[in-house]
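Novice: Submitted below is the structure of interest, expressed as structure tokens.
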Amino acid sequence: MTSAHVLGYPRIGANRELKRAVEAYWRGRLDRAGLETTGRELRERHWQAQRDAGLDFVTVGDFAFYDQVLNVSVLLGAVPSRFGADAEIARGEVDLDTQFRMARGRAPSGAPAAACEMTKYFDTNYHYLVPELRAGQAFRLASSRLFDEVAEARAAGYPVKVALTGPLTWLWLGKAQSGSFDRLSLLDAVLPIYGEILARLASLGVEWVQLDEPALVQDLPIAWKQAFESAYNALRSAPVKLMVATYFGGLGDNLQLAVSLPVDGLHVDTVRAPEQLTPVLDNLPAYKVLSIGAIDGRNVWRADLAALHERLASARMRLGERLWLAPSCSLLHVPVDLTAETDLDEELASWLAFARQKLDETVTLARLLGNRASAEDRARVAAATAAMDARRASPRLHRPAVQTRLAQVADADLSRDNPYPVRARAQRRALDLPLFPTTTIGSFPQTDEIRATRRAHKSGELEGEAYEAQMRAAIADAVQRQEVLGLDMLVHGEAERNDMVEYFGEQLDGFVFTRHGWVQSYGSRCVKPPIIVGDVSRPAPMTVAWSRYAQSLTERPMKGMLTGPVTMLQWSFVRDDQPREATCRQIALALRDEVADLETAGIPAIQIDEPALREGLPLRQGEWQAYLDWAVECFRLTASVVRDATQIHTHMCYSEFNDIIAAIAALDADVITIETSRSHMELLDAFQDFAYPNEIGPGVYDIHSPNVPEVSWMVRLMERAAERIPVERLWVNPDCGLKTRGWSEVEPALANMVEAARVLRQRH
Ligand code: GLN
Ligand code: ZN
């Protein structure tokens, strides 16, 4: 037989039960026992789903009230001292509230403290809590939650496989506090705890433990490669079978290392890296189990089971019973259950598979390969084949007009008419802005009233005209407040948008939206990414009416506001039948029409937000340039349609530009606004060193904080900026959009910002 398993299952619940319970607990509306009950019920339901589907194991260890990496930090006793007296931490169990305080700074019990840093898990949209590492740090087994969960599953009669972040990847994901010491110096202290964990799991009757080591798909320094060998040599005596799980890409130059680790099994991703299957098979020692990740754990498309069967037949021949089958990575990254999508048309639904459906696919494929397919399995394969054939042939995928236009894109379409210095002169004449012009990033406070209006419109309670009148009122209000504040370049405020991708996706052909397709983003936060099904095009203008109305209310220049093509792509489920870049070009072309229409409507400046440009970087440095090339090209395709006098802005809210500064410059936006306030403008060094040629608005106001920044503080920040960038090319603006703040914070903050600009103008 061929064993079927998953690396992990979504824990949030088909109705986001975990989100609701955790948030109720934080607010004091649910007690600890109630929260634990919800956790238990969800685990039980998810194990049952795995069993019902026919998997050979249920996976334990993928559940977390907040984050699975944080779970491991707690398990290892890696709790920073600010979360409790060291002495206390050094004994007993780490309490659940301590875990929540690490995650978010506060919890129903315990003193508030600065939360741990959070960042994206590899190239996913899932955020984990960064382990804080200190030189000489001590570790101890500090939680029994995992063992309790194993006991729970065993008591319910499930065959258990445990999944846990492996020691190297845990350290890899961690960040050295205070100074720079080598994280690897902690390995010897961490390994004995892993040893203890494995021994304890064995005593609970666990046969297999999956140690997640996705760090193996990245470029590893030589010391880390060696550490993999020595660490797994140290763990080989554990009384359980170990499977090292790799995913999100190919092993590349770590292939030899990975296949020869002294463990009982290896999991590889053959969705992202199909080409590695043969070399892995060729190099795998004869004693080892190979788990092939053949079902896409990162995307929502139904698997072509017949094709996979054919592709994997030789692996089955070579491996026999040593072949296992699984989705490519944990199913954490896809929505829970397609059957909840009652609004999707049948055809579209037949092309998709969410986590629950992927369990069935995995089992069917395993049975096919093991020659144990039932009539039901065969029917499933036939249905998948039929759906695939229909999808490939569907007119929903292919719009000849889009293809034709793309084929006609010429080099000239990718560049503005003139270089920046020429454009800057034309823009100065057209816009008549002072030195240190002030602006904002786009959104203004999304008041309860605005949200209620949008909701009422969406549910059909509020008719088009009434809705538009209320949105216009919100725009007029925002414009008036900006005039009173004395801002130089205004925005309409984005009242009509609940989400910067959804707003555009809903108006573009080629995108579809689910009702319940939630995916955990971090903690209790979920996102519902749209699905790009077919060729993208723009049937009608999307923002022009709002921007034109906003401009009609004021003499000052109004900035149009768009989400860029790379961000649209990055925050969606993308079709898998063409390269990502092809889809991105289509989006760019659709947005280009919007840019042109905004210009025609008399909008003198257009901002194209690309906050996700950086997160699209491939996991291997060697692939960066190819990505950056097409990402930059897509941005330029979107932006370059305008004449010299129309000012193109872009916005990015992260604070690492050093390694991508050339690409940022190649975007050739006239103005870039970036997040800098918390980095004290040091981040501008990258721009200075590169001699970045265009205008920059380094954020002076941290919008994540409710504090109102002082005039002198912002002046000082801008003075630091002026040491690095010529003042003629500096703008004054906040770090990011203001939609999560209230007007009572925003107005005094912006008043101070405008005052700061006045002070600066006097000085320069
Ligand atoms: N224009 C958007 C806003 O202001 C930008 C959001 C973002 O950068 N994530 O809300
Ligand atoms: Zn931003």
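Novice: Determine which member of the set ILE660, ILE674, ILE696, ILE664 is modelled with pLDDT of 95 or more and more than 16 Å from ligand 1 (Cβ to nearest atom).
Specialist: ILE660
Novice: Among the residues of segment 700-734, which ones are modelled with pLDDT of 95 or more and touching a Gly at 6+ places or on another chain (Cβ under 8 Å)?
Specialist: Listed by number, the residues that qualify are LEU730, TRP731, VAL732, ASN733, PRO734.
Novice: Given the residues LEU619, LEU628, LEU684, which is the only one that is within 21 Å of the chain's Cα centre (by Cα), more than 15 Å from ligand 1 (Cβ to nearest atom) and without any contact (Cβ under 8 Å) to a residue 60 or more places away in the chain?
Specialist: Numbers: LEU619 fails: without any contact (Cβ under 8 Å) to a residue 60 or more places away in the chain; LEU684 fails: within 21 Å of the chain's Cα centre (by Cα).
Result of the check over LEU619, LEU628, LEU684: LEU628.
Novice: Oh, and also: Pick out, from segment 317-414, the helices (runs of 4 or more DSSP H) lying fully within it that include 2 or more residues that are at pLDDT 95 or above and farther than 21 Å from ARG575 by Cα. It would help to see each step written out before you state the result.
Specialist: Details: elements: 346-349, 355-369, 375-393, 400-407.
Fully inside segment 317-414 and qualifying: 355-369, 375-393.
Novice: Right, PRO395: open to solvent by 50 Å² or more (accessible area, probe 1.4 Å) and either touching a helix residue (DSSP H, G or I) at 6+ places or on another chain (Cβ under 9 Å) or over 30 Å from PRO693 (Cα atoms) (or both) or not?
Specialist: On the way: open to solvent by 50 Å² or more (accessible area, probe 1.4 Å): yes; either touching a helix residue (DSSP H, G or I) at 6+ places or on another chain (Cβ under 9 Å) or over 30 Å from PRO693 (Cα atoms) (or both): yes.
Yes: the conditions hold for PRO395.
Novice: Go through (1) out of contact with any Asp or Glu (no Cβ under 7 Å at 6 or more places or on another chain); (2) open to solvent by 30 Å² or more (accessible area, probe 1.4 Å) for LYS175 and report which single condition fails.
Specialist: Against the list (1) out of contact with any Asp or Glu (no Cβ under 7 Å at 6 or more places or on another chain); (2) open to solvent by 30 Å² or more (accessible area, probe 1.4 Å), LYS175 comes up short only on (1).
Conditions tested, residue by residue: (1) within 27 Å of the chain's Cα centre (by Cα); (2) open to solvent by less than 40 Å² (accessible area, probe 1.4 Å); (3) within 28 Å of TRP324 (Cα to Cα).
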site	(1), (2), (3)
GLY8	yes, yes, yes
ARG16	yes, no, no
ALA21	yes, yes, no
ALA24	yes, yes, no
ARG27	yes, no, no
GLU41	no, no, no
GLN48	no, no, yes
LEU55	no, yes, yes
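Novice: Could you grab me the full set of residues in segment 719-745 that are without any contact (Cβ under 8 Å) to a residue 12 or more places away in the chain and either in a loop (DSSP other than H, G, I, E, B) or among the basic types (Lys, Arg) (or both)?
Specialist: Once the filter is applied, which keeps residues that are without any contact (Cβ under 8 Å) to a residue 12 or more places away in the chain and either in a loop (DSSP other than H, G, I, E, B) or among the basic types (Lys, Arg) (or both), segment 719-745 yields only PRO726.
Novice: Any residue at all in segment 533-554 that's closer than 19 Å to THR740 by Cα and outside any strand (DSSP E or B)?
Specialist: no
Novice: Moving on. Determine, yes or no, whether GLU581 is more than 16 Å from ligand 2 (Cβ to nearest atom) and in contact with a Phe, Trp or Tyr (Cβ under 7 Å, 6 or more places away or on another chain).
Specialist: yes
Novice: Read through the list (1) within 24 Å of THR650 (Cβ to Cβ); (2) open to solvent by 50 Å² or more (accessible area, probe 1.4 Å); (3) part of a helix (DSSP H, G or I); (4) not hydroxyl-bearing (Ser, Thr, Tyr), then give the number of the only condition that ASP477 fails.
Specialist: So the condition that ASP477 fails would be (1).
Novice: Please specify each residue of segment 690-718 satisfying the condition of being out of contact with any Asp or Glu (no Cβ under 8 Å at 6 or more places or on another chain) and more than 18 Å from LEU750 (Cα to Cα).
Specialist: Within segment 690-718, PHE690, ALA691, TYR692, PRO693, ILE696 qualify.
Novice: Filter the helices (runs of 4 or more DSSP H) completely within segment 594-701 down to those with at least 1 residues that are within 15 Å of ligand 2 (Cβ to nearest atom) and among the hydrophobic types (A, V, I, L, M, F, W, C).
Specialist: On the way: elements: 624-639, 661-666, 684-689.
In segment 594-701, 661-666 are the helices (runs of 4 or more DSSP H) which contain 1 or more residues that are within 15 Å of ligand 2 (Cβ to nearest atom) and among the hydrophobic types (A, V, I, L, M, F, W, C).
Novice: Return the residue satisfying two criteria in turn: it lies in segment 734-747 and is open to solvent by 50 Å² or more (accessible area, probe 1.4 Å) and either within 26 Å of the chain's Cα centre (by Cα) or not hydroxyl-bearing (Ser, Thr, Tyr) (or both), and of such residues it is farthest from ILE674 (Cα to Cα).
Specialist: Filtering segment 734-747 for residues that are open to solvent by 50 Å² or more (accessible area, probe 1.4 Å) and either within 26 Å of the chain's Cα centre (by Cα) or not hydroxyl-bearing (Ser, Thr, Tyr) (or both), the one farthest from ILE674 (Cα to Cα) comes out as GLU747.
Novice: Determine, yes or no, whether GLY564 is buried (at least 18 other Cβ atoms within 10 Å of the Cβ), farther than 17 Å from LEU667 by Cβ, touching a residue at least 60 places away in the same chain (Cβ under 8 Å) and small (Gly, Ala, Ser).
Specialist: Numbers: buried (at least 18 other Cβ atoms within 10 Å of the Cβ): yes; farther than 17 Å from LEU667 by Cβ: no; touching a residue at least 60 places away in the same chain (Cβ under 8 Å): yes; small (Gly, Ala, Ser): yes.
So GLY564 fails the test.
Novice: Say whether the condition of being closer than 29 Å to HIS398 by Cα, open to solvent by less than 20 Å² (accessible area, probe 1.4 Å), free of Cβ contacts under 8 Å to residues at least 60 places away in the same chain and in contact with a helix residue (DSSP H, G or I) (Cβ under 7 Å, 6 or more places away or on another chain) is met by at least one residue in segment 484-502.
Specialist: yes
Novice: Go through (1) assigned to a loop (DSSP other than H, G, I, E, B); (2) surrounded by fewer than 17 Cβ atoms within 10 Å (Cβ to Cβ); (3) touching a residue at least 40 places away in the same chain (Cβ under 8 Å) and name the single condition PRO529 misses.
Specialist: (2)
Novice: For segment 718-731, state whether one or more residues are under 20 Å from GLY486 (Cα atoms), within 16 Å of ligand 2 (Cβ to nearest atom) and of a type outside the set (Asp, Glu).
Specialist: Yes.
Novice: Cβ contacts < 7 Å: first residue under 21 Å from TRP731 (Cβ atoms), restricted to segment 647-666; second residue open to solvent by 40 Å² or more (accessible area, probe 1.4 Å) and more than 15 Å from ligand 1 (Cβ to nearest atom), any location; separation 6+ or different chain. Result?
Specialist: From segment 647-666, the pairs are ILE661/PHE690; ALA665/PHE690; ALA665/PRO693.
Novice: Between residues in segment 591-615 that are in contact (Cβ under 8 Å) with a residue 24 or more places away in the chain and within 14 Å of ligand 1 (Cβ to nearest atom) and residues that are part of a strand (DSSP E or B) and open to solvent by 30 Å² or more (accessible area, probe 1.4 Å), which pairs lie under 9 Å by C-beta distance while being six or more apart or on different chains?
Specialist: Correct list of pairs: GLU615/LYS120.
Novice: Taking the condition of being farther than 27 Å from GLN226 by Cβ, assigned to a strand (DSSP E or B) and out of contact with any Ser or Thr (no Cβ under 9 Å at 6 or more places or on another chain), how many residues in segment 150-178 meet it?
Specialist: 0
Novice: Let me ask something else about it. Can you tell me how many residues in segment 249-268 are part of a helix (DSSP H, G or I), under 20 Å from ALA315 (Cα atoms) and open to solvent by 10 Å² or more (accessible area, probe 1.4 Å)?
Specialist: Number of matching residues: 4.
One line per residue, one yes/no per condition, for (1) open to solvent by less than 60 Å² (accessible area, probe 1.4 Å); (2) among the hydrophobic types (A, V, I, L, M, F, W, C); (3) at pLDDT below 95:
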{"site": "LEU146", "(1), (2), (3)": "yes, yes, no"}
{"site": "PHE181", "(1), (2), (3)": "yes, yes, yes"}
{"site": "LEU184", "(1), (2), (3)": "yes, yes, no"}
{"site": "SER203", "(1), (2), (3)": "no, no, no"}
{"site": "GLN218", "(1), (2), (3)": "yes, no, no"}
{"site": "LEU235", "(1), (2), (3)": "yes, yes, no"}
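Novice: Same structure, new question: When you go through GLU623, GLU599, GLU594, GLU581 one by one, which is the residue that is surrounded by 22 or more Cβ atoms within 10 Å (Cβ to Cβ), acidic (Asp, Glu) and at pLDDT 95 or above?
Specialist: Details: GLU623 fails: surrounded by 22 or more Cβ atoms within 10 Å (Cβ to Cβ); GLU599 fails: surrounded by 22 or more Cβ atoms within 10 Å (Cβ to Cβ); GLU581 fails: surrounded by 22 or more Cβ atoms within 10 Å (Cβ to Cβ).
It is GLU594.
Novice: Now for a separate question. Does PRO10 satisfy being out of contact with any Phe, Trp or Tyr (no Cβ under 8 Å at 6 or more places or on another chain) and at pLDDT below 95?
Specialist: no
Novice: Can I ask one more? Mind checking whether some residue in segment 646-662 is open to solvent by less than 40 Å² (accessible area, probe 1.4 Å) and charged (D, E, K, R)?
Specialist: Taking every residue of segment 646-662 in turn, none turns out to be open to solvent by less than 40 Å² (accessible area, probe 1.4 Å) and charged (D, E, K, R).
The values are calculated or read from the model by the stated rules, or taken from the named source; none is laboratory data. Since this is a predicted model, take the numbers as computed values, not measurements. FYI the Cβ positions are ideal-geometry reconstructions off the backbone, even for glycines, and counts take in every protein chain you see. For the accessible areas, the whole protein counts, side chains as well, though only heavy atoms, and no ligand, DNA or RNA atoms are used. Shrake-Rupley method; radii C 1.70, N 1.55, O 1.52, S 1.80 Å.
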